[in-house]
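Encoded as structure tokens, the structure appears first; notes follow it.
All of the numbers you see were taken from the coordinates with simple rules; none came from a lab. In this text, all values refer to a predicted model and were calculated from it rather than measured experimentally. Cβ atoms come from the backbone with ideal geometry, glycine included; neighbour counts cover every protein chain shown.
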Amino acid sequence: MFNRGSASDKAIFKKANQHLARVSLGSRSRVVLTIRGGQATLSGNIQYESQRRPAVKAISSVDGVRGVLDQLKVLPRDAPRKQPPPQTATPPNTDAAAD
């Protein structure tokens, strides 16, 4: 999600999402990225603990990211294989009124 009218958050989100797409997170992972005031939040599920550090590092390396809140959860090994598509991201908020 984005603060209304925050062009910098939108630019950060775009770049951070590109960096996140380069990280191999596996077919069962579902990671959601949000940016608010330069603060990045990663939430959702990853398959293995070893995927956490590369995802956080990819986001923290983006210019303008002031910090990364890691809310990722590791899927249990016996979790069902049917999961939503991997590496989804929250699109920019286009509902802001243009006054």
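Side notes on the structure shown:
- For the stretch 37-57, the set of residues classified as over 10 Å from the mean Cα position of the chain (by Cα) and either within 14 Å of Lys15 (Cα to Cα) or of a type in the set (Asp, Glu) (or both) consists of Gly38, Gln39, Glu49, Lys57, listed by residue number.
- Candidate set: the stretch 17-40, residues that are more than 14 Å from Ile59 (Cβ to Cβ) and not small (Gly, Ala, Ser); chosen: the one surrounded by the fewest Cβ atoms within 10 Å (Cβ to Cβ): Arg28
- Subset of the stretch 23-59 (residues that are in contact with a helix residue (DSSP H, G or I) (Cβ under 8 Å, 6 or more places away or on another chain) and assigned to a loop (DSSP other than H, G, I, E, B)): Val23, Ser24, Leu25, Gly26, Ser29, Gly37, Gly38
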